[in-house]
1. Consider the stretch 7-38. How many of its residues are open to solvent by less than 50 Å² (accessible area, probe 1.4 Å), assigned to a helix (DSSP H, G or I) and within 17 Å of Asp52 (Cβ to Cβ)?
2. Would you mind stating whether Gly197 is out of contact with any strand residue (DSSP E or B) (no Cβ under 9 Å at 6 or more places or on another chain) and closer than 23 Å to Thr117 by Cβ?
3. Name the one entry in Thr236, Thr166 that is of a type outside the set (A, V, I, L, M, F, W, C) and either over 15 Å from His114 (Cα atoms) or in contact with a Cys (Cβ under 6 Å, 6 or more places away or on another chain) (or both).
4. For the stretch 163-183, how many residues meet the condition of being open to solvent by 10 Å² or more (accessible area, probe 1.4 Å) and touching a residue at least 60 places away in the same chain (Cβ under 8 Å)?
5. What is the one condition in (1) touching a Leu at 6+ places or on another chain (Cβ under 8 Å); (2) modelled with pLDDT under 95; (3) small (Gly, Ala, Ser) that Ala55 does not satisfy?
6. List pairs: first residue in the stretch 217-233 and under 18 Å from Trp27 (Cβ atoms), second residue hydroxyl-bearing (Ser, Thr, Tyr) and assigned to a helix (DSSP H, G or I) anywhere in the structure, Cβ distance under 9 angstrom, at least six positions apart or on different chains.
7. So Met76 clears everything in (1) open to solvent by 50 Å² or more (accessible area, probe 1.4 Å); (2) within 23 Å of Ile185 (Cβ to Cβ); (3) hydrophobic (A, V, I, L, M, F, W, C); (4) in contact with a Ser or Thr (Cβ under 8 Å, 6 or more places away or on another chain) except one condition, right? Which one?
8. Of all residues in the stretch 39-56, which are open to solvent by less than 20 Å² (accessible area, probe 1.4 Å), in contact with a helix residue (DSSP H, G or I) (Cβ under 6 Å, 6 or more places away or on another chain) and assigned to a strand (DSSP E or B)?
Amino acid sequence: MKQKPIHAAMQPYLEGQVILMNKPLRWTSFDAVKKVRILTGVSKVGHAGTLDPLATGLLIICTGKFTKKINEYMGMPKEYTGSITLGATTPTFDLESEPGNRKPAEHITDAVLHDATRQFTGNILQVPPIHSAIKKDGKKLYELARKGKEVNPDPRPVTIDVFELTKIEMPVVHFRVVCSTGTYIRSLANDFGAALGCGGYLSSLCRTKIGDFNIGHAYTLAGFEAHIMQLKQAATSEGEANA
């Protein structure tokens, strides 16, 4: 993508910046990248790790020379909070599809719930969702699944350092997870429900940390837009004062 002339105040973004963004619900990660391109006028922009549209939270967006650090940031451990609804499953393991296969879950005790998390911590093998962008034989899994073709993803090694339940409001359990890159929290929710014998799906998700980057330091989209407008207005005012 060819770089067009930009506002003088956007020069730091052209040279290279790391932007922490709190991605809103139903936005794709690319939507957030596109918004940064439009606001700054910088064409070289990328993100360090996709968040699903139904997930919110921390998205690292890099501009200019900092796009070279994307792989480094993608490899950092991540922290998530969210909720799993027990007693049903969905084909996508989240609310992108309708819950079905309903089973009772209210009888499961808090002790059983907490105990079930233990088998999912440490170095484990995880089967990715069939509705994911992972490629098999050159095709994205979700493309094959949408065509009704049988999809059998290969298990992948992941590390889950922390999987703790922070609140139990049956049939919904709230959690915090710290994990390696490549971990699918949707798969974790599905596997957790299967281990309990009642099924489960991911009903909300927020990424709160990537390495040492924290969502508490992230811009909302509106906040970032206001920041860019302030930079441009300040530069314009300064230029007029010096004229």
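The values are calculated or read from the model by the stated rules, or taken from the named source; none is laboratory data. Because the structure is a prediction, the values reported are computed rather than measured. Cβ: placed from backbone, ideal geometry, glycine included. Neighbour counts: every protein chain shown. These accessible areas exclude ligands, DNA and RNA; they are computed on the full protein's heavy atoms, side chains included. Shrake-Rupley method; radii C 1.70, N 1.55, O 1.52, S 1.80 Å.
1. 3
2. Criteria met by Gly197.
3. Thr236
4. Number satisfying all stated conditions: 10.
5. (2)
6. Close Cβ pairs (under 9 Å, with a partner that is hydroxyl-bearing (Ser, Thr, Tyr) and assigned to a helix (DSSP H, G or I)) amount to Ile228/Tyr13; Ile228/Thr40.
7. Against the list (1) open to solvent by 50 Å² or more (accessible area, probe 1.4 Å); (2) within 23 Å of Ile185 (Cβ to Cβ); (3) hydrophobic (A, V, I, L, M, F, W, C); (4) in contact with a Ser or Thr (Cβ under 8 Å, 6 or more places away or on another chain), Met76 comes up short only on (1).
8. Selection gives Val45, Gly46.
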